[in-house]
Each structure stands twice: as C-alpha cells, then as structure tokens.
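Throughout, read-outs are computed from the coordinates displayed, never taken from laboratory work. Everything numeric in this text was worked out from a predicted model, so none of it was measured. Cβ sites come from the backbone with ideal geometry, for glycine too, and all protein chains shown count toward neighbours.
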C-alpha cells in the first residue's frame with residue numbers, strides 16, 4: 001500500500017471517545033461510563049453538513065477503510081466503498097466509523113474491566129439493543145459537532161441501526177442507506193444464531209462466560225459459531241465456485257479418515273480459527289441477541305407503516321439476489337412500508353452470486369448504484 005494511492009484513505013489512526021455521563025439502556029440498566037473507538041476519513045466541512053455515519057454488522061468494527069500501518073496486508077472491512085472516488089467519496093464526505101458499544105475492538109464491552117469489580121465484565125455486561133447503539137452514536141455525533149448526518153449507512157445489522165436512527169432521531173439524518181437488511185429476523189435466522197450460541201456455551205472453556213478470569217478462551221466453540229455463520233453468509237453458487245468438491249489432499253486414499261479433508265472444510269476451519277483469535281465470545285452472544293431482539297415496528301403496534309411515518313429522510317434500500325440470510329423479500333417489505341407511509345425511497349435488487357457477503361464485495365452494478373445515490377446525497381449538501 002502506498003500513501004500516494006489515490007483510491008485509499010491511507011494510514012488512519014483509531015481514536016477513543018470517553019463518556020462519563022451515564023447511559024440508560026433499553027434493558028433497564030445503565031453504564032456509568034464507557035468508551036467508543038472510532039475512525040474518521042475525509043474532512044468535516046465548514047457547516048458540518050457532510051458527515052456520514054457507518055454502522056457495522058455483527059462481526060464488524062471501527063476499521064472500515066484504509067490501513068493502520070504501511071505493513072498491513074489488508075485494508076478496512078469496507079475499503080471497497082469508502083475512499084477518494086469510491087461510493088462514499090472522502091473527497092466529499094467526512095466519514096465516521098465506530099466500534100459499537102459492547103464490541104471487542106476497543107469500545108467498552110464484555111472484555112472490558114468492570115470498574116466496580118476490577119475484573120472483566122464477561123457475561124455480566126448489560127444486554128444491548130440497536131437503540132442503545134444509536135443513543136451512544138448520538139453522543140459521539142455531539143462530541144464531533146455533527147447536528148445532522150448527511151447519511152447513515154449500514155449493511156445487515158448496520159442497516160437495522162440506520163433504520164432505527166431514522167425513527168428515533170428524524171431531525172438528525174437526511175438519508176438512510178439500508179443494505180441487505182430486514183425489519184426483524186426470520187425464525188430461521190434466529191435459529192442459526194441460537195445454534196452458534198450453543199456452540200460457544202458448550203465449550204468446556206466457556207465457564208458460564210467467565211473464561212477471561214481463567215485466562216482462557218472458548219476457541220473451539222467460537223470457531224464453530226463462526227463456521228455456522230460463515231456458511232449462511234455465502235450462497236451455494238459461491239461455495240461451489242470457490243471450492244466445489246475438491247479435496248485438500250487431492251485423493252481419498254490418504255490413510256486415516258481425519259486426513260480426508262475437502263477444501264471447503266479446510267477453509268471453514270481456518271475461518272473459525274482466525275475468528276476465535278480476535279473476537280470475544282461474550283460479545284458474539286451479545287451481538288446475536290441484539291439481532292434476534294430487533295423488531296423495528298414492535299412499539300408501533302407491529303405496524304411498520306406507522307413506524308416509518310416518523311421518518312423525515314430519504315431512503316436507499318439494496319438487496320442481493322442470492323442472499324438467503326437477509327433475502328430480497330425482507331428488503332421489499334421495508335420498501336413497501338416506506339411507500340405506504342409516503343416516504344421517499346429508492347430500491348434495487350442486485351444480481352449477485354455471492355450471497356449475503358455481496359454487500360462487502362466490489363460488484364460493479366452495486367458500486368455504480370451506490371455511487372450514484374451517494375452523489376445525489378453530496379449534491380444536496
């Protein structure tokens with residue numbers, strides 16, 4: 001990576017915002033104080049009107065674009081979409097990307113120290129909802145001098161947060177970009193999340209969630225949880241194209257059964273192992289629970305049309321044809337409710353073979369659409 005690369009935001013440094021004003025949570029508890037880790041890309045304009053908030057998905061974090069060092073091999077998780085000349089153009093926008101409260105990449109969460117006990121919070125960290133993330137993000141916006149976001153953008157769980165922003169703080173958001181998301185999870189989605197959680201809690205090292213007190217990590221359980229999740233993020237076509245039925249060894253005639261490993265098995269084991277090294281098990285449980293509990297219209301008599309009548313922003317909703325975790329049908333439900341509530345909405349279903357992970361991929365039609373919409377956002381500043 002070169003700092004002169006015109007398509008990159010370059011080397012970025014995470015920042016920490018500390019808040020000592022108690023934050024009341026939807027579960028009825030409160031956090032007396034907390035930290036949020038975030039990164040920014042681009043420059044805030046004179047009127048503070050060009051700010052874009054990035055809301056991350058389940059396993060995401062604050063490092064959405066650029067590099068932390070010149071030696072980094074991979075950029076941030078959404079580098080395809082954030083940077084000079086990219087859909088979220090940092091020549092035009094001031095982009096804010098944070099690690100959600102409850103996360104495990106620097107923001108206060110289960111692996112942080114509980115000031116009352118001097119030990120990691122672990123399973124005693126309060127349960128969270130999407131509205132809690134939005135309320136914490138409001139405080140970060142206030143700290144940065146941002147009264148109104150030009151756009152709040154998110155994929156998957158991030159899209160849920162973006163929609164919650166539109167309903168909770170309608171005066172503080174002009175555009176809401178919802179990608180590969182839903183107004184609530186299907187029973188199948190909840191089931192997959194429960195299987196993943198059971199894999200974690202069944203690990204002997206989990207110890208009811210107090211594993212950090214034992215200097216242990218439920219790596220096997222967390223790795224299995226990631227394997228389950230990762231399979232659901234890919235389409236059958238993507239799996240077949242990438243791996244087919246190829247054997248890692250090239251032959252079945254290799255001795256013991258344990259040696260017979262398909263390429264896809266090897267890949268999933270690698271993904272699970274890597275994930276368990278940098279993600280916290282209690283955070284995974286907390287985040288999947290927040291996903292399960294999310295229901296945009298619950299407090300509006302289960303009527304999404306009534307819910308969206310509170311919004312004052314314009315919407316872009318995007319789905320992907322082979323995404324069966326957050327299917328196009330779920331996005332169309334959002335669009336139908338927005339139309340029925342007389343909201344301005346643009347919708348596109350992108351033909352893509354990559355499944356749910358398509359929202360992270362450099363799919364030309366997707367990038368063109370995203371760029372065109374964000375150009376409109378920029379022109380309206």
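Per-residue Cβ neighbour counts within 10 Å put 373, 347, 41 in the sequence 347, 373, 41, beginning with the fewest. Its alpha carbons give the stretch 1-52 an Rg and a Dmax of 16.7, 49 Å. Take 141-148, 47-54 and order them by the average number of nearby Cβ atoms within 10 Å per residue, most first; the result is 47-54, 141-148. Considering only beta bridges that DSSP places wholly inside the chain, some 35 percent are antiparallel. Counted by neighbouring Cβ atoms within 10 Å, the residues 306, 117, 108 run from fewest to most as 117, 306, 108.
Considering the convex hull of the alpha carbon atoms of the chain, report its projected area averaged over all viewing directions, in nm², one decimal.
Projected area, direction-averaged: 19.9 nm².
Does the stretch 86-161 come out rounded, prolate or oblate, given a ≥ b ≥ c as the square roots of the eigenvalues of its C-alpha gyration tensor, rounded meaning a/c under 1.5 and, failing that, prolate meaning a/b above b/c? Prolate shape, in that a/c is at least 1.5 and a/b is the bigger ratio. With the cut-off at 1.5 for a/c, could you classify the stretch 99-250 from its C-alpha gyration tensor as rounded, prolate or oblate? Verdict is oblate for the stretch 99-250. Prolate is the label for the stretch 56-120, because a/c, from the alpha-carbon gyration tensor with a ≥ b ≥ c as root eigenvalues, is 1.5 or above and a/b exceeds b/c.
Over the C-alpha trace of the stretch 1-103, radius of gyration and Dmax come out as 15.2, 49 angstrom. Sorted into 10 angstrom bins from 0, the C-alpha pair distances of the stretch 145-186 split as 33, 52, 14, 1 percent.
Only Cα pairs under 8 Å and 6+ residues apart enter the sum, and on that basis the relative contact order of the chain stands at 17 percent.
Taking 7 Å steps out from each Cα toward its Cβ at residue 46 and residue 68 produces label points 3.8 nm apart.
Of the residues 186, 136, 127, which exhibits the maximal mean-square fluctuation in a Gaussian network model of the chain defined by a 10 Å Cα contact cut-off? So, out of 186, 136, 127, the one fluctuating most is 186. Counting neighbouring beta carbons within 10 Å and listing from fewest to most, the residues 374, 183 come out as 183, 374.
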